[in-house]
Structures are given as C-alpha cells and as structure tokens.
Amino acid sequence: MLSFLTRRFRHVKFRTKIFCVIGAVALIPITCLFLFFYRQISILQEREITNADLGFEQAVYSINTAMDNVTARALQICSNTEVSTFFSMRAPSKQYVLEYVTALRPYLTFCQEAVSSHVRAIRFYTKNPNIFSNLAVHNLHKYQDEAFFQNVRQSLEGNRAAVLLLEESRIYYGSVQYAAQGSLSLFCPVSTMASSETVMECELNFDSIFQSLDFTTGGFETTGYTLVHKSGQVLFTSDTEWAAQAVESLLPQLWEGGEISGEVRRQRIRYEDTELLVNAAYIPSIHCVLISHSDLGAIFQPVRAFQLPVLVMLLLCLVFCCFLAAALVNSLLRRSKTINDAILRIQEGDFDICLPAEGADFFDQVAENLNGMATQIKNLIHNNYESQLEIKDLQIRMLSQQISPHFLYNTLECLRMRAVLEDNLESAQALLSLGKLLRYYANYAMEFASVSAELEVAKDYVNIMSLTEERDCFLEADIPPELLGLRVPRFSLQPIIENSIKHANRPSNTAVHIRLCVEEAEGSLRMTVTDNGMGVPPERAVEIQQKLLSGANAVMVENSIGLYNTNARIQLLYGEEYGILFSSVQGMGTSVTLTIPCIRTTEEGKEATT
C-alpha cells in the first residue's frame with residue numbers, strides 16, 4: 001500500500017507536492033497551538049474545580065473551628081469555681097438571687113457574648129431543689145424529667161462534652177416553649193455534688209456560617225451548601241429540593257460498615273439535566289455531614305466562552321497559512337521555471353545567460369552558481385581550444401628539435417675522449433658526470449626515482465663541483481642496502497647538496513666534506529645531509545626554519561631557492577607533515593633533514609607505503 005501511494009505521489013504535479021509539504025508543515029504548529037490552548041482550557045477548568053474544593057474545605061474548617069471555640073468556652077464555664085459553688089450550695093432564695101445577680105449572670109453574659117455568633121442560648125438543668133423554689137432566676141428554672149437527664153448522662157459517658165439533636169421541643173411550666181424541635185445543642189456536666197447534678201446546654205447557631213457561605217458563593221450562585229445531621233435532620237440548606245435528594249441518595253453512601261466515613265467524598269452526578277460536582281464530608285464534632293453541590297455548567301461558563309474565540313483564531317491562522325503557502329509556492333515555481341529555462345539554454349549550447357541573484361536564499365545561490373558554471377564552461381571551451389593549438393605547435397617544435405639532445409651527448413662524449421687521450425682524467429671524469437646529468441635531467445617523464453639513482457646524480461654533481469669550485473669536494477654516503485630501492489622524488493637531494501657547497505661560507509682553501517645518511521623511522525624515510533661549513537647564526541637558522549614551516553617558495557625568498565622549492569614540492573606531494581628540517585651550529589656546520597613517506601615498489605610494480 002505504501003509503495004503504491006509512493007508511486008502515485010511521483011506522478012503528482014510539482015505544485016501539488018509543494019502545497020502538500022507546506023500544508024503538512026503548517027499543520028504541525030497549528031496542531032501544537034490547538035493542543036496548547038486545549039491544555040490551558042483544561043487547566044482553567046481544573047483550577048475552577050480546585051477553587052470549589054478549596055471553598056468546601058474552608059467551610060468544613062470554619063465549622064470545626066467554631067465548634068472548637070464553643071466547646072472550649074463551655075468547658076471553661078462548667079469548670080468555673082463560682083458556677084460550681086452556685087449550683088452546689090444550700091441557701092435561702094434571697095441569697096441565690098443575690099449570688100446570681102452579682103456574680104453568675106455577669107460571667108455568663110460575658111461568656112455568651114464571646115461565642116454569640118455560634119451559640120443561640122446557654123441554659124442550665126439542675127437537680128438542686130432550692131434553686132427551683134425561686135422562679136425569678138431566668139436561666140435556671142427549666143426543669144426536665146429524669147429521662148432527659150438519663151439521655152444526657154449516656155451521651156456524656158466517657159466524654160467531657162456531647163452534642164445532641166433534641167427531636168422534641170422543650171417547655172417549662174407545661175406551656176412555655178423555649179427550644180424548637182430539631183435544635184442541636186452542646187451539653188457539658190457542671191462540677192457539683194451528686195445530689196445537685198447539673199448540666200449546661202449551649203444551643204448551637206449556624207446562621208453566621210450560613211451567611212458567610214452565602215457571601216463567599218455570591219448568594220449560592222454556582223455552589224450550594226447543606227448541613228445534615230446523621231439522623232437525616234437538615235440543619236440548614238441553600239436549596240430545599242436539593243437537600244431532600246441529598247439526604248435520600250448521598251447520605252447513605254457516607255456510611256461504611258455502620259460507621260460514618262470522615263474523608264471528603266467527591267463525585268459528579270446528574271440532577272435535573274444539570275451536571276453537578278458534589279463534595280461531602282462528615283464533621284464528627286457535631287455528628288453532621290456538610291454537602292456542597294456546584295453547577296459545573298455555571299463554573300465552566302467563563303472558560304467555555306473563551307473556547308469559541310480560540311477556535312476562530314486557530315481557523316484564521318490556518319487560512320492565513322494556506323494563503324501564505326499559495327503565494328510562496330507560486331513565487332518558488334516562477335523562480336524555478338527561470339532556472340530551468342536557463343539550464344535548457346545551456347544544454348543547447350547557449351552560455352550567454354545572466355540570471356538575477358539579488359538575495360542570498362537558495363534560489364539566488366543556485367542562480368549565481370549557474371551563472372558561474374556557464375561562464376566557466378565558456379572559458380574552458382576557449383582555453384581548451386587555445387591549449388589544442390599550443391599542443392600542436394609544441395609537437396611541431398619538438399619534432400624539429402629532436403636532434404638537439406643527441407648532438408649534445410655526442411659532442412660531450414668526443415670532448416671526454418680527447419681529455420682521456422690528453423691524459424686529463426679530471427676533465428674526462430667531469431665531462432662524463434655532466435653527460436649523465438644531462439641525460440637524467442632530460443628524462444622529464446619520470447617524476448620519481450630510486451634512492452640509488454638519486455645518489456648517483458649527487459655523486460656526478462659533486463664531481464662537477466670539484467672542477468668548477470677549484471677545490472676538493474667529497475660525498476660520503478651511509479645508506480643501508482635495503483633502502484637503495486625506495487622511491488623518492490627526482491632532484492630531491494641535488495638542491496640540498498648544492499646548498500651545502502655554495503652557501504656553507506667556508507674558506508677557499510678548505511675541502512668540502514658532505515655526509516649523506518639515509519634511515520627509516522616510524523614509516524618515514526629520512527635523508528640527512530651534513531656539511532663541514534661555517535654554519536649560520538642562531539637567529540638566521542630560526543628564520544630559515546620558520547620560512548620552511550610556513551611553506552615559503554622561491555618567489556618569497558631571495559637566497560637558498562633550491563632548498564625552499566624542494567620543501568614546497570615535498571609538501572605538495574605528501575602533505576604539510578613532511579618536508580625539510582634545517583639546523584645549524586655556527587662554526588661547526590649545517591644539517592638538513594628531508595622527510596618523506598617510505599614507499600616501496602611491489603613485485604607487480606605497484607607502490608606500497610610502509
């Protein structure tokens with residue numbers, strides 16, 4: 001299938017291919033941008049849900065804090081010495097009234113004001129008969145039967161305080177109701193004698209917490225709260241219908257194995273075609289469950305309102321990318337057509353083209369290179385034509401002068417024979433060496449020679465220099481036999497020996513002694529020429545070596561032309577790691593070392609580098 005699509009794609013027009021490629025490339029950032037905005041929207045939604053969860057946890061914390069404050073204040077009252085003394089004493093009614101008015105009532109008023117936002121009333125229930133003989137004591141004459149004391153006593157068993165939901169209203173004197181049905185109260189025992197058993201009731205008030213939730217949720221616009229006792233009694237709610245369903249469906253889920261779970265439960269439910277986020281947590285201090293329900297549609301409304309502009313923006317970006325791609329493709333096709341027309345002209349032999357290359361992009365570089373190629377081809381054709389003419393002219397001249405070398409060799413041989421007949425052996429030897437040198441120099445086709453051949457040329461050159469310099473010149477060679485057959489560039493030794501003879505600065509009556517040492521080391525062939533000249537100053541030796549290292553040639557220097565040219569030639573043949581090393585000690589002589597790769601000739605005549 002893939003190969004079929006590949007073959008079909010090859011037959012698609014170039015314009016369509018470019019559109020597909022640019023469209024695919026443009027789709028990548030658009031997709032990344034869409035995923036980025038989608039992720040941001042998801043983060044915003046999660047943040048709104050987190051805010052709702054934090055608001056619920058803050059409400060649970062507020063209720064727990066309020067109950068801790070109420071409990072602490074109630075225990076403080078019940079353990080107060082004046083309160084315990086008041087309910088334990090046996091005294092006339094007037095003394096009770098006086099004690100109540102002067103000591104107990106101000107203290108109770110102060111304590112109730114401290115927790116007035118969470119406590120609706122503070123009441124005392126006692127079995128001290130003397131207190132109830134005086135009906136003028138306001139908070140102390142609510143006598144209850146033994147069943148009431150028994151219920152409170154069971155709840156306080158093992159606890160310092162207990163919260164009870166009284167399902168029946170309470171009255172005194174048979175007709176006056178002072179506590180409504182379903183009120184939630186905190187009971188604490190007062191420290192008294194057994195005969196004067198007394199308990200204190202703090203009727204709890206959740207109005208302030210409800211009002212605080214009303215304010216923080218903006219009038220329960222998106223989130224509602226319901227506080228339900230474990231018995232199913234709703235203490236407060238922002239939505240009566242929702243509270244009824246919550247008691248029936250959600251409250252039983254908080255019981256696990258007969259016990260009420262204290263952890264926060266979160267779930268999403270459908271209620272009247274609305275998706276709600278429900279949080280529920282059990283508050284053990286009041287045996288109640290706080291339930292919040294948040295309308296996810298209302299919570300996500302600001303976020304969802306942001307989705308449409310983002311989608312429109314992404315579509316606009318996609319359309320803009322398409323228009324931009326179309327303009328770019330058309331521009332590229334026009335420029336590529338111009339280049340293609342120029343190539344066709346070059347194929348037809350028309351090299352007079354000049355494509356515009358005003359910028360520095362790829363097409364401008366191609367146009368500039370194409371212009372240069374056409375110019376070079378035109379120049380090459382012209383140069384090739386001129387070269388052919390020069391070659392033919394050279395061939396004609398070489399044929400006409402072919403007799404010249406043989407005439408020179410024959411003349412030199414005649415002169416040598418005359419010198420032998422005249423018993424001038426020195427001149428005869430010099431003429432023999434000169435003839436051999438001329439034959440060696442005339443063989444231009446050979447670029448390399450063996451070490452032994454170079455040694456013979458060096459000896460012939462020294463023989464000639466003995467005659468021309470009018471002093472004795474000696475060449476001593478120290479070459480292992482196995483190295484005589486190695487290949488070296490022709491005329492590599494003669495310039496170095498010439499430099500030792502002509503530039504050694506020795507006295508005219510001093511003989512020239514030159515020593516040639518050839519050795520193989522680390523795959524390289526080292527040929528060292530040492531003379532007995534006067535040497536050069538140290539600064540001059542450093543200068544010569546620096547020029548050799550920099551690759552100077554005859555054009556760059558005035559003296560020792562053969563030395564620099566030989567070094568440049570070696571580096572061109574083998575690389576900059578090879579060449580000549582120059583060292584000299586003033587008054588003792590000069591040493592020149594030529595280093596080249598060690599190349600042997602195999603049995604088949606091929607070169608082998610060691």
* Any pair with Cβ under 6 angstrom, 6 or more apart, that starts in segment 583-599 at a residue that is without any contact (Cβ under 8 Å) to a residue 40 or more places away in the chain and ends at one that is in a strand (DSSP E or B) and open to solvent by 10 Å² or more (accessible area, probe 1.4 Å) -> none
* Given (1) hydroxyl-bearing (Ser, Thr, Tyr); (2) assigned to a loop (DSSP other than H, G, I, E, B); (3) open to solvent by less than 30 Å² (accessible area, probe 1.4 Å), where does Ser500 come up short, assuming only one miss? -> (2)
* **Hits in segment 25-50 - residues which are open to solvent by 90 Å² or more (accessible area, probe 1.4 Å) and modelled with pLDDT of 80 or more** => Glu46, Arg47
* Asked: Given the conditions (1) over 60 Å from the mean Cα position of the chain (by Cα); (2) open to solvent by less than 70 Å² (accessible area, probe 1.4 Å); (3) farther than 22 Å from Arg540 by Cβ; (4) hydroxyl-bearing (Ser, Thr, Tyr), and given that Ser492 satisfies all but one, which numbered condition is not satisfied?
  -> (1)
* Structure fact -> Arg526 fails exactly one of (1) open to solvent by less than 70 Å² (accessible area, probe 1.4 Å); (2) in contact with a Leu (Cβ under 8 Å, 6 or more places away or on another chain), namely (1)
* Asked: Quick one: how many residues across segment 51-104 are open to solvent by 70 Å² or more (accessible area, probe 1.4 Å), more than 30 Å from Phe210 (Cβ to Cβ) and of a type outside the set (A, V, I, L, M, F, W, C)?
  -> 9
* **Residue that is modelled with the lowest pLDDT [pool: residues in segment 555-600 that are assigned to a loop (DSSP other than H, G, I, E, B) and surrounded by 14 or more Cβ atoms within 10 Å (Cβ to Cβ)]** => Val557
* **Qualifying position, being closer than 22 Å to Gln429 by Cβ and in a helix (DSSP H, G or I), among Glu454, Glu470** => Glu454
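Do you know which of the residues in segment 329-355 that are open to solvent by 90 Å² or more (accessible area, probe 1.4 Å) and not in a helix (DSSP H, G or I) is farthest from Cys20 (Cα to Cα)?
Filtering segment 329-355 for residues that are open to solvent by 90 Å² or more (accessible area, probe 1.4 Å) and not in a helix (DSSP H, G or I), the one farthest from Cys20 (Cα to Cα) comes out as Asp352.
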* To do: Could you tell me whether Pro538 is closer than 16 Å to Leu581 by Cβ and not acidic (Asp, Glu)?
  => yes
* To do: Please go through segment 512-523 and pick out each residue that is open to solvent by 20 Å² or more (accessible area, probe 1.4 Å) and part of a strand (DSSP E or B).
  => His513, Arg515, Cys517, Glu519, Glu520, Ala521
* Structure fact -> A careful count of residues in segment 501-535 that are over 21 Å from Ala453 (Cα atoms) and either touching an Asp or Glu at 6+ places or on another chain (Cβ under 9 Å) or polar (S, T, N, Q) (or both) gives 10
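This table checks each residue for (1) at pLDDT 80 or above; (2) open to solvent by less than 90 Å² (accessible area, probe 1.4 Å).
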| residue | (1), (2) |
| --- | --- |
| Asn383 | yes, yes |
| Glu422 | no, no |
| Ser427 | no, yes |
| Leu438 | no, yes |
| Ala445 | no, no |
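The values are calculated or read from the model by the stated rules, or taken from the named source; none is laboratory data. Because the structure is predicted, anything quoted here is derived from the model rather than measured. When we count neighbours, we look across all protein chains shown, and the Cβ atoms used for this are built from the backbone with ideal geometry, even at glycine. We work out accessible area using only protein heavy atoms, side chains counted, and drop any ligands, DNA or RNA first. Shrake-Rupley method; radii C 1.70, N 1.55, O 1.52, S 1.80 Å.
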